[in-house]
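The values are calculated or read from the model by the stated rules, or taken from the named source; none is laboratory data. Just so you know, these numbers come straight off a predicted model, no measurement behind them. Please note: Cβ atoms are built from the backbone with ideal geometry, for glycine as well, and neighbour counts cover all protein chains shown. We work out accessible area using only protein heavy atoms, side chains counted, and drop any ligands, DNA or RNA first. Shrake-Rupley method; radii C 1.70, N 1.55, O 1.52, S 1.80 Å.
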Amino acid sequence: MSSIDLTWVIGGPQGGGVETAANIFAGACAASGLKIFGKREYYSNIKGEHSYFGVRVSDKTIRSNVNGVTMLAAFDAETIFRHADDVFNDGAIVYESDLVPMKIEEVPTLDHDFKKRLVKYLTSKNKSLTIQGTLDAAKERGVHLYPVSFKTILSNLADETQNPKLRGMFRMLNVLAVSVSLGILSLPSDTLLKSVESIFSKKSQIAEMNKHAANYAYNFATAKYPKYKYQLSPIQKEPDTIMLQGFQSTGLGKIVSGCRFQSYYPITPASDESVFMESNETFDVENNRPGSTMIVQTEDEISAIGMTIGAALTGTRAATCTSGPGFSLMSEALGWAGINEVPIVVTLYQRSGPSTGLPTRHGQDDLQSAIHAGHGDFPRIVYASGDMEEGFYDTAKCFNFAETFQMPVIHLMDKFIASTVATVKRFDPKKITIERGKLLEKIESEDYKRFASSPDGLSSRSRLGLEKGIFWNTGDESDEYGHISEDPENRIFKMDKRATKLEFALKTISKEDQATNYGVSEFCIISWGSTKGPILDAIDMLKKEGFAIGFIQIKLLQPFPTDYIKSLIKGSKTIIDIEANHTAQLGSLLNEHLDQKVDYYIVKYTGRSMTCTEIYDSLKKILQNKAEKRQVLTYGV
Amino acid sequence: MVSNLSDYKTEVHNDWCPGCGDFGIVNAIQMALAEMEVPRDKAAIFSGVGCSGKTSHFVNVYGIHTLHGRVMTFAQGAKLANPEMTIIAAGGDGDGLGIGAGHFVAAGRRNVDMTYIIFNNGVYGLTKGQASPTLKLGLKTKSLPEPNVNQAVNPIALAIASGFTFVARGYAYDVRQLKDLIIAAVKHRGLAFLDVLQPCPTYNDINTRDWFSGMDNINEMTKKPQPRIYKLEDTNYDPIVHIDSQEEENEKLTQALIKSNEWGEKIPTGIFYQNELIAPYDQRIADRIPNYLENPPSVQEITSNGKPITDISRMLDSLQI
Ligand SMILES: Cc1ncc(C[n+]2csc(CCOP(=O)(O)OP(=O)(O)O)c2C)c(N)n1
Ligand code: SF4
Ligand SMILES: [Mg+2]
């Protein structure tokens with residue numbers, strides 16, 4: 001059996017059902033045992049602008065997207081204009097045939113810059129500035145064209161089912177596009193129908209109508225078209241596979257690790273997590289009363305973190321979830337949590353900054369902001385996850401760090417992970433531990449001191465409502481009870497106490513939790529966060545060609561695990577930093593903390609996540625000694 | 001057992017200026033807690049930043065001195081996570097109506113069962129007397145280089161418009177009435193707001209103790225000062241919304257707004273508006289999470305022997321391929 005690895009892309013106007021279509025496609029493939037790695041790209045817009053969803057399907061483990069498209073499904077002109085050139089030479093375009101005469105200027109959502117590039121490209125190929133011209137250029141390269149009149153299919157369907165309403169049901173075009181695609185790719189139709197059913201499971205009538213349409217379009221495609229070069233076929237399903245979106249991973253991690261309070265203010269791409277948690281606000285608890293998480297939508301992010309701190313003071317595991325702009329607003333309160341040693345978790349789903357930047361696009365822009373946000377010196381932990389599985393398990397670790405070391409923890413996630421849909425091994429709550437540090441259940445002493453001196457800097461932690469546990473907090477410097485003190489000796493005591501906790505944290509956090517070592521060799525990549533997947537896939541591609549490249553994924557970024565990283569890279573000669581921001585924010589940390597300096601930088605800041613293909617290409621240049629010191633990646637629409 | 005007033009006092013040195021109205025407010029808070037016999041470990045004072053912000057250090061219950069303008073955010077988070085606590089938030093007029101005004105409005109919409117006291121002195125005390133949002137247009141207090149160019153916000157009217165369900169005004173030098181108002185506010189089911197007129201002898205040389213007691217306004221006949229402050233309870237004013245009808249609500253809201261506009265010769269204190277027919281936030285949550293009040297966030301068990309006990313299998317099942 002030949003191996004399967006293809007990318008199917010569907011595009012359309014925002015709000016036009018692109019996501020539904022992609023979910024049907026991914027669901028059908030996943031149900032056939034295939035592995036999925038899908039990614040959604042969209043404008044900061046609700047209706048009308050172009051959005052697309054790329055689903056990579058394989059029979060082997062995949063952790064990233066590739067450059068190029070095997071099959072493009074388009075029921076609007078913009079999708080063809082934007083993506084046709086990205087289709088592989090032996091790829092295919094399934095499109096609404098009515099679109100062919102459309103001219104570039106007839107698509108108002110094509111922005112000026114893109115139009116200019118498109119006109120230049122088509123002119124250079126001597127093609128008309130229309131869909132026809134665009135398709136001709138693709139065809140010339142060998143791309144297979146599948147013109148389909150989806151509207152005719154709809155009206156045939158309407159006649160056949162004597163349901164004239166169907167004729168105008170343009171929302172169903174997306175279902176038709178998936179079904180025709182899967183017909184051409186020959187995935188058995190029962191998985192398609194099951195997937196349609198589960199997507200519309202809440203509305204049985206609509207489910208029936210869509211299933212009927214899907215079946216019709218699927219049969220239309222299999223009857224009409226000869227076998228296409230790329231085919232999908234079911235494989236042995238791995239047991240315990242789930243398919244989910246990234247934001248669900250941290251949401252589930254929070255619920256299982258006992259987060260019982262989360263306050264948030266809406267922001268892309270972070271708020272999906274809170275909404276998901278609110279949809280699952282009640283749950284069963286072993287040998288206990290049913291549990292619940294209180295999710296509060298606040299008036300702003302300042303309030304969100306304020307409430308989180310307030311809740312944490314009662315001994316509740318509490319968190320907030322935000323993105324760059326919101327995190328900036330939280331910085332003053334972050335310092336308050338720092339000086340008062342309050343354990344909170346701030347899940348930071350990064351996107352492209354600065355300011356509102358590219359609000360719906362990816363970026364690893366906030367590493368330095370996470371490390372430095374807030375004025376004054378105070379300890380915090382910054383921890384970065386590389387994918388959704390890490391997102392789940394690391395969330396639990398972040399709460400443990402927060403409570404053990406009594407300090408705010410910033411958990412770095414990003415838009416790439418948030419909007420990835422992938423098949424992964426079912427999360428296993430048994431792998432999680434819950435460590436609550438010096439949280440008190442009971443106090444005997446009549447003279448409780450919240451900030452009592454101790455060798456590791458950690459004092460026993462009371463909580464609002466605990467008998468004999470009364471304490472004070474203040475944003476001012478304070479004494480052991482928490483009352484304001486401006487005494488210089490006390491100041492030294494408290495500053496040192498808080499700093500000691502950070503040293504203790506670095507000593508206590510295991511090496512495996514500090515960084516993941518995927519093997520070290522002469523050439524060694526150091527990176528953080530969601531570049532993990534494309535890096536690992538790129539390394540595999542190089543391995544097949546006989547190249548060995550090492551990779552260290554740093555997870556603990558503050559306090560920086562200097563000793564461990566130094567010990568790991570001892571044998572490496574060439575250090576390559578890969579990250580999705582402009583200034584190489586990790587790179588400057590490496591240069592600051594390590595003796596060896598970074599030799600090569602691979603960065604990307606287009607707002608689109610890295611693909612394994614472009615990392616592979618740039619690594620290869622380095623291996624062949626043909627690379628510039630800094631390579632900037634640009635792939636992606 | 002009657003609680004001892006001294007139990008509610010800390011030994012922390014109080015560094016407010018002599019004669020500051022804040023002393024009266026902190027006394028009234030301590031007296032109210034003692035009279036209600038709230039167990040010390042079941043009460044918390046949250047405070048903002050300013051002279052007023054130090055209040056939490058002088059009361060011997062849990063004391064959380066937060067950030068400038070953010071006191072309500074911390075306080076609500078704590079109350080929602082542990083609804084068993086009696087929570088009083090305290091802060092300055094700059095704190096709550098300037099930098100924190102957004103939180104003030106949002107808090108009204110939630111109606112969390114707690115009390116919020118604003119120390120209304122017309123100035124930013126701790127930063128040396130700049131105009132606060134309650135200083136009237138055109139007034140030039142001691143340390144202002146020029147007269148105030150902004151209109152004053154009306155805290156009572158703002159609270160009513162924002163949805164606070166108990167709105168009252170006290171006077172820092174009438175500790176007895178203030179204590180009673182605090183008790184009424186704490187006992188109120190829902191979010192209570194107390195605007196406390198608080199002379200700042202150091203920076204507000206206009207709205208002084210003498211001014212409030214009418215020393216500048218001597219009755220020709222009696223030769224006695226005519227106090228500006230009077231009590232609504234001494235009139236036939238009824239602040240309470242008794243029945244759940246639009247008409248009743250309109251009437252009580254309107255009279256409260258009109259009363260709140262009274263200033264100058266006559267300044268009302270007491271309860272302006274009270275409506276317990278609006279569900280407090282905890283009730284709204286309990287409608288969604290039935291056991292919220294018995295099993296709120298702060299008392300939930302989350303682990304047994306270091307392992308999670310939350311069952312997410314149903315959520316995972318729904319994602320299962
Ligand atoms: C974010 C921030 N901005 C400014 C300050 C400086 N500051 C401290 S107290 C205060 C004003 C206090 O006035 P008010 O809230 O009316 O309290 P009062 O001192 O009058 O009781 C200001 C502006 C601060 N602490 N934090
Ligand atoms: S400055 Fe005013 S408010 Fe502050 S302590 Fe002195 S008198 Fe009181
Ligand atoms: Mg003030």
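For chain B, the longest stretch holding no trypsin sites (Lys or Arg not before Pro) located in a DSSP loop with at most 14 other Cβ atoms within 10 Å is which?
On the way: sites that count: B:Lys128, B:Lys140, B:Lys142, B:Lys223, B:Lys266.
In short, B:1-127.
Among the residues of B:38-51, the average count of other protein chain beta-carbon atoms within 10 Å of the residue beta-carbon is 3.
Axis angle, to the nearest 10 degrees, between helix A:112-124 and the longest C-alpha principal axis of chain A: 40 degrees. Centre-to-centre, using Cα atoms only, region B:101-154 and region A:315-385 are separated by 30 Å.
Could you tell me what percent of the accessible area of region B:1-125 is made up of carbon and sulfur, with a 1.4 Å probe and every protein chain present?
On the way: 1770 of 3360 Å².
In region B:1-125, the share of accessible area belonging to carbon and sulfur is 53 percent.
Quote the charge dipole size of region A:180-270 about the Cα centre in Debye, to the nearest 20; the model charges only the Cβ of Lys and Arg (+1) and of Asp and Glu (-1). Can you show the working numbers first?
Values: 10 positive and 5 negative charges, 29 e Å.
Charge dipole of region A:180-270: 140 debye, to the nearest 20.
Full extension of the segment from A:Val632 to A:Lys60, taken as 0.36 nm per residue of separation minus the current Cα-Cα distance, would add 203.0 nm.
Just the number please: accessible area per residue for the protein assembly as shown, 1.4 Å probe, all protein chains included, in Å². Provide the component values of the computation, followed by the final result.
Numbers: 36650 Å² over 958 residues.
In whole numbers, the protein assembly as shown has 38 Å² accessible per residue.
If R0 is 25 Å, what FRET efficiency do you get for A:Phe170 and A:Val100 from their C-beta distance, rounded to 0.05? Efficiency at R0 = 25 Å is approximately 0.85. Each residue of region A:59-71 is assigned a 3J(HN,Hα), and the resulting list reads 8, 10, 4, 10, 10, 7, 9, 10, 6, x, 10, 7, 9 Hz, derived from the Karplus form 6.51 cos²θ - 1.76 cosθ + 1.60 (θ = phi - 60°), x at Gly and Pro. Here region B:5-285 is treated with +1 on each Lys and Arg Cβ and -1 on each Asp and Glu Cβ, and its dipole about the Cα centre works out to around 560 debye. If the chain linking B:Asp317 and B:Lys142 were pulled fully straight, counting 0.36 nm for each residue of separation and taking away their Cα-Cα distance, it would gain 56.2 nm.
Just tell me how shielded A:311-322 is by partners: mean number of partner chain Cβ atoms within 10 Å of each residue's Cβ, no decimals. Mind showing how you got there, number by number?
Values: counts 10, 5, 10, 15, 5, 11, 6, 5, 0, 1, 0, 0.
That works out to 6 on average.
Only DSSP H runs of four or more residues enter the estimate; each adds -39500 (n - 2.57), and after division by the residues of the protein assembly as shown the mean residue ellipticity at 222 nm equals -10500 deg cm²/dmol.
Here the spin labels are modelled as points 7 Å beyond Cα on the Cα-Cβ line, and at B:Gln283 and A:Ser204 they lie 3.8 nm apart. Summary of packing: across the peptides A:249-255, B:129-135, A:184-190, the per-residue average of other C-beta atoms within 10 Å ranks them, highest first, as A:249-255, B:129-135, A:184-190. Here the label points at A:Asn288 and A:Leu145, each 7 Å from Cα along the C-beta direction, are separated by 6.3 nm in the simple model.
At a 1.4 Å probe radius, carbon and sulfur cover how many percent of the accessible area of region A:512-633?
Numbers: 2200 of 4580 Å².
C and S fraction of accessible area: 48 percent.
Once you reduce region A:419-493 and region A:255-304 to the center of their Cα atoms, the two points are 22 Å from each other. Taking one quarter of the surface of the C-alpha convex hull of chain A gives a mean projected area of 30.9 nm².
Once the gyration tensor of the Cα atoms in region A:5-224 is diagonalised, the equivalent ellipsoid follows with semi-axes of 27, 20, 16 Å, ordered largest first.
Antiparallel as a % of all DSSP beta bridges within the protein assembly as shown, to the nearest 5? Write down the numbers at each step before the final one.
Working: 47 of 134 bridges.
Counting only bridges with both partners in the protein assembly as shown, antiparallel ones make up about 35 percent.
Taken residue by residue and averaged, Cβ atoms of other chains lying within 10 Å of the Cβ of B:283-292 number 3. Among the GluC sites (Glu not before Pro) in region B:34-134, those located in a DSSP loop and surrounded by at most 12 other Cβ atoms within 10 Å of their own Cβ are B:Glu37.
The C-alpha atoms of chain A define a longest principal axis, and helix A:612-623 lies at about 70 degrees to it.
Report the chymotrypsin sites (Phe, Trp or Tyr not before Pro) located in region A:53-98 that are in a DSSP loop and have at most 10 other Cβ atoms inside 10 Å of their Cβ, or state none. Intermediate values should be presented prior to the final figure.
Values: sites: A:Phe53, A:Phe75, A:Phe81, A:Phe88, A:Tyr95; in loops: A:Phe75.
Hits after loop and neighbour filter: nothing returned.
Please find the FRET efficiency linking B:Asn261 to A:Ser279, where r is the Cβ-Cβ separation and R0 is fixed at 56 Å, and quote it to the nearest 0.05. For R0 = 56 Å, the calculated efficiency reads 0.80.
Taking Cα centre as origin and charging only the Cβ of basic (Lys, Arg, +1) and acidic (Asp, Glu, -1) residues, the dipole magnitude of the protein assembly as shown rounds to 2540 debye. What distance in nm separates the simple spin-label points at B:Glu37 and B:Ala161, each placed 7 Å from Cα in the Cβ direction? Distance between the two pseudo-spin positions: 4.3 nm. At a threshold of 50 Å², the residues of region B:71-89 that become less accessible to a 1.4 Å probe in the full protein assembly than in their chain on its own are B:Thr73, B:Phe74. Restriction of the GluC sites (Glu not before Pro) in region A:226-316 to DSSP coil positions whose beta-carbon has at most 14 other beta-carbons within 10 angstrom yields A:Glu286.
For a 20 Å ceiling on Cα separation, which of these pairs sit above it: A:Lys544/A:Lys570; A:Lys254/A:Lys397; A:Lys139/A:Lys229; A:Lys397/A:Lys449; A:Lys116/A:Lys139? Mind dumping the intermediate values first?
Working: A:Lys544/A:Lys570 26 Å; A:Lys254/A:Lys397 10 Å; A:Lys139/A:Lys229 16 Å; A:Lys397/A:Lys449 27 Å; A:Lys116/A:Lys139 22 Å.
Over 20 Å Cα-Cα: A:Lys544/A:Lys570; A:Lys397/A:Lys449; A:Lys116/A:Lys139.
Put simply, chains A and B cover up around 5800 Å² of each other's accessible surface, both sides summed, when a 1.4 Å probe is used.
Relative to the dominant Cα principal axis of chain A, helix A:388-405 is inclined by about 10°.
Under 5 Å from the amide H of B:Val123 lie the amide H atoms of B:Ser132, each residue being 5 or more positions distant or on a separate chain, with H modelled from the backbone and absent for Pro and chain starts.
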